[in-house]
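Enquirer: Before I ask anything, let me first share the structure, which is written out below as structure tokens.
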Amino acid sequence: MKLVSAIIKPFKLDDVREALAEIGIQGITVTEVKGFGRQKGHTELYRGAEYVVDFLPKVKVEIACEQSNVERVIDAIARAANTGKIGDGKLFVFNLEQAIRIRTGETGSEAL
């Protein structure tokens, strides 16, 4: 089992959710996060005063899936989240040791 974690732009969340639903992914976890990458934030103007926005709002999407589905999940997210501009985000893939469904006690891939 693998855990795919994607950091994306907030307005692309619906596109990513729909792309994952199309390939049969049933469950995702979404968290609102802030961060910066190479762009190091940006400056904005508010009531005539310029200020720096260091941490940009992002969305973290996590999907636990079978090893056999990882490439499809990665492709779906990458296609749906791509705008072609800086700050589109990143994808990370982690090994998932164990999954347990609390309600039924199912473990491993049956819990997904």
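Nothing in this text is a laboratory measurement; each read-out follows from the coordinates by a stated rule. These numbers were taken from a predicted model, which means no experiment stands behind them. All Cβ positions, glycine included, derive from the backbone under ideal geometry; neighbour counts span all protein chains shown.
Enquirer: In nm, give the distance between the simple-model label positions of residue 33 and residue 60, each being 7 Å from the Cα along the Cα-to-Cβ direction.
Expert: In this crude spin-label approximation the distance works out to 0.4 nm.
Enquirer: If you don't mind, another one. Enumerate lysine pairs in the range 1-104 that are 8 or more residues apart or on different chains, then count those whose Cα atoms are under 12 Å apart.
Expert: For the range 1-104, the number of qualifying lysine pairs is 11.
Enquirer: At a 10 angstrom cut-off on C-beta neighbours, averaged per residue, how do the peptides 97-103, 16-22 rank from highest to lowest?
Expert: Top to bottom by mean Cβ count within 10 Å: 16-22, 97-103.
Enquirer: Which entry is the computed Cα Rg over 2.2 N^0.38 Å for this structure: (i) 0.91; (ii) 1.27; (iii) 1.17?
Expert: (ii)
Enquirer: What ³J(HN,Hα) values, in whole Hz, does the Karplus curve 6.51 cos²θ - 1.76 cosθ + 1.60 give for the range 31-38 when θ = phi - 60°, with x put for Gly and Pro?
Expert: 3J(HN,Hα) across the range 31-38, in whole Hz: 10, 7, 10, 10, x, 8, x, 5.
Enquirer: Just to be sure I understand the model, the point goes 7 Å from the Cα along the line to the Cβ. What's the resulting residue 94 to residue 72 distance in nm?
Expert: 2.4
Enquirer: What relative contact order, as a whole-number percentage, does the range 1-90 give when Cα pairs under 8 Å and 6 or more residues apart are counted?
Expert: 48
Enquirer: If each DSSP helix of 4+ residues adds -39,500 (n - 2.57) and the sum is divided by the residues in the chain, what number results at 222 nm, nearest 500 deg cm²/dmol?
Expert: Rounded to the nearest 500, it is -6000 deg cm²/dmol.
Enquirer: Okay, moving on. Tell me, what ³J(HN,Hα) does each residue in the range 71-81 have, in order and in whole Hz, if you take phi through Karplus 6.51 cos²θ - 1.76 cosθ + 1.60 with θ = phi - 60° and put x for Gly and Pro?
Expert: Result, rounded to whole Hz: 5, 5, 5, 4, 4, 4, 5, 4, 5, 6, 8.
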